[in-house]
Amino acid sequence: MVQLTAQSMPASMSAAVLANLPATALELHSRPVPVPEHDDDVVLRVEACGICGTDLHILRGESYRPDLPFMLGHEPVGVVVAAGATAESWMGKRATITLFTGDGTCPVCLAGDERLCPHLQSITGVLVVDGAYAEFVRVHARQLVEVPDSLSGPEVASLVDSGATAANSIRVALEARAAQVLVVGAGPIGFLAAEMLQADAVAHQVVEPNELRRAKLAALGHTVIASFDQVAGQSDVVVDCTGVSDVMAPGVAALTPHGLYVLAGYARVPDFDFGVVSRKEATIRGVRSGRREDLERLISLVASRKVRLPEISTWPLSEVNVALEALRTGAVPGKAVIIPDPLWEA
Ligand SMILES: [Zn+2]
């Protein structure tokens, strides 16, 4: 039993539970409210939690396979309401998280890349550790990233994984001294990637077939096109934010010689001719979410209004399946965010 500090908390909470795989829906159940299990654990009272495309992949049984039953939800923001002995200083603070917990001791972890740890221990809301489609969620204090009060819960929730991924991708693109970037996909990651490029005055185009999403970015001054046929010139860097298999061939074709293809979406490409990669001496670079400092940098850019957010659509936790269906059918123009029912009603 750890020594803990806690505000008065209920014994049970509403949660959306993944009960089988594949699944088309989550089940709403009452679950015990988590308590700190280790000295560096905290419990957040969830204000909001973003829905990520990865959640849809998991439901289809095409991605991570957590032990069931499991609670998804890896883009939380909330207030620390309980803390273990070494995490007391977090009590009452508002925070979001970095998702990945490595062994904390290997060179990869020590370099700040715990999400690439060969002995990865958990991904909150994805693998091993329950997530935040619930009223409360337990995380390690070392995962916490404090957030400014000027950003609302849904605004922060729209940044956690999508934002870290966008910021990581754009850091990689800028390290390559890109003069012209092609962003593929204007979902939450592509939207933020385009805004970060605009904030840095880097020339870019965005390819997006969904008219709703295209219109949102075009209204903010970005060059947005519906298909690869309309791409003007070649790009030093292509940032693939789609997770869709059939964009890779036209994406690599749009690269300059020695170009860099940044793969932010995870797609399985069954038949790909690497000849084009060799003929261009192109580089394909994977991106897995982002570093803590990627998330911190983007939060700061959004708080100072240098980067704008995609349109946010919210649903109460009890309607999480309506939200998932809206995402599946392309009816969400920007980011989908879940809010626990007591806060939604307030
Ligand atoms: Zn490690």
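The values are calculated or read from the model by the stated rules, or taken from the named source; none is laboratory data. Quick caveat: nothing in here was measured; it's all calculated off a predicted structure. Quick reminder, even Gly has a Cβ in these numbers, built from the backbone with ideal geometry, and neighbours come from all protein chains shown.
Considering only segment 50-71, I want to know if a residue exists there that is in contact with a Phe, Trp or Tyr (Cβ under 7 Å, 6 or more places away or on another chain), in contact (Cβ under 8 Å) with a residue 40 or more places away in the chain and under 30 Å from residue 7 (Cβ atoms).
First, the residues of segment 50-71 that are in contact with a Phe, Trp or Tyr (Cβ under 7 Å, 6 or more places away or on another chain): 58, 71.
Applying the additional criterion that residues be in contact (Cβ under 8 Å) with a residue 40 or more places away in the chain yields 58, 71.
From what is left, the residues that are under 30 Å from residue 7 (Cβ atoms) are 71.
Yes, there is a match, as at least one residue in segment 50-71 is in contact with a Phe, Trp or Tyr (Cβ under 7 Å, 6 or more places away or on another chain), in contact (Cβ under 8 Å) with a residue 40 or more places away in the chain and under 30 Å from residue 7 (Cβ atoms).
Summed over segment 123-149, residues that are within 15 Å of the ligand (Cβ to nearest atom) and aromatic (Phe, Trp, Tyr) total 0.
Within segment 103-122, being crowded, with 17+ Cβ neighbours inside 10 Å and either more than 9 Å from the ligand (Cβ to nearest atom) or outside the structural domain of residue 147 (by TED's automatic domain parsing) (or both) holds for 115, 122. Tallying residues that are within 18 Å of the chain's Cα centre (by Cα) and more than 11 Å from the ligand (Cβ to nearest atom) within segment 79-102 yields 5.
Residue selection: residue 286 fails the criterion of being of a type in the set (Gly, Ala, Ser) and out of contact with any Leu (no Cβ under 9 Å at 6 or more places or on another chain).
For segment 123-152, filtering for residues that are of a type in the set (Gly, Ala, Ser) and buried (at least 24 other Cβ atoms within 10 Å of the Cβ) leaves 4. Can you name every residue in segment 127-164 that is touching a helix residue (DSSP H, G or I) at 6+ places or on another chain (Cβ under 9 Å) and among the acidic types (Asp, Glu)? Listed by number, the residues that qualify are 135, 146, 155, 161.
Restricted to segment 251-346, the set of strands (runs of 3 or more DSSP E) holding at least 3 residues that are surrounded by 14 or more Cβ atoms within 10 Å (Cβ to Cβ) and either among the hydrophobic types (A, V, I, L, M, F, W, C) or under 17 Å from the mean Cα position of the chain (by Cα) (or both) comprises 255-263, 312-316, 335-339.
Is it the case that segment 222-237 has a residue that's among the β-branched types (Val, Ile, Thr), crowded, with 24+ Cβ neighbours inside 10 Å and within 20 Å of the chain's Cα centre (by Cα)? No. Restricting the search to strands (runs of 3 or more DSSP E) fully inside segment 103-185 and requiring at least 3 residues that are closer than 30 Å to residue 255 by Cβ gives 180-184.
Remark: pairs (first residue in segment 277-296, assigned by TED's automatic domain parsing to the domain that holds residue 254 and acidic (Asp, Glu); second residue at pLDDT 95 or above and surrounded by fewer than 19 Cβ atoms within 10 Å (Cβ to Cβ); Cβ separation under 7 Å; 6+ apart in sequence or on different chains) = 281/257; 281/258. Listed by first and then second residue, the pairs with beta-carbon distance under 6 Å, at least 6 apart or on different chains, first residue in segment 108-125 and touching a residue at least 40 places away in the same chain (Cβ under 8 Å), second within 9 Å of the ligand (Cβ to nearest atom), are 116/108.
Within segment 94-105, residues that are at negative phi have Cβ atoms under 7 Å from residues that are within 6 Å of the ligand (Cβ to nearest atom) and in a loop (DSSP other than H, G, I, E, B) in these pairs: 102/117; 102/119; 103/117; 103/119, counting only partners at least 6 apart in sequence or on another chain. Within the option set 82, 95, 111, 87, being in contact with a Gly (Cβ under 8 Å, 6 or more places away or on another chain) and hydrophobic (A, V, I, L, M, F, W, C) holds for one residue only, 95. Residues that are surrounded by fewer than 16 Cβ atoms within 10 Å (Cβ to Cβ) and modelled with pLDDT of 95 or more number at least 1 in the following strands (runs of 3 or more DSSP E) confined to segment 12-102: 12-17, 27-32. Of the residues making up segment 176-186, those that are surrounded by fewer than 24 Cβ atoms within 10 Å (Cβ to Cβ) and either at pLDDT below 95 or within 12 Å of residue 298 (Cβ to Cβ) (or both) are 176, 177, 179.
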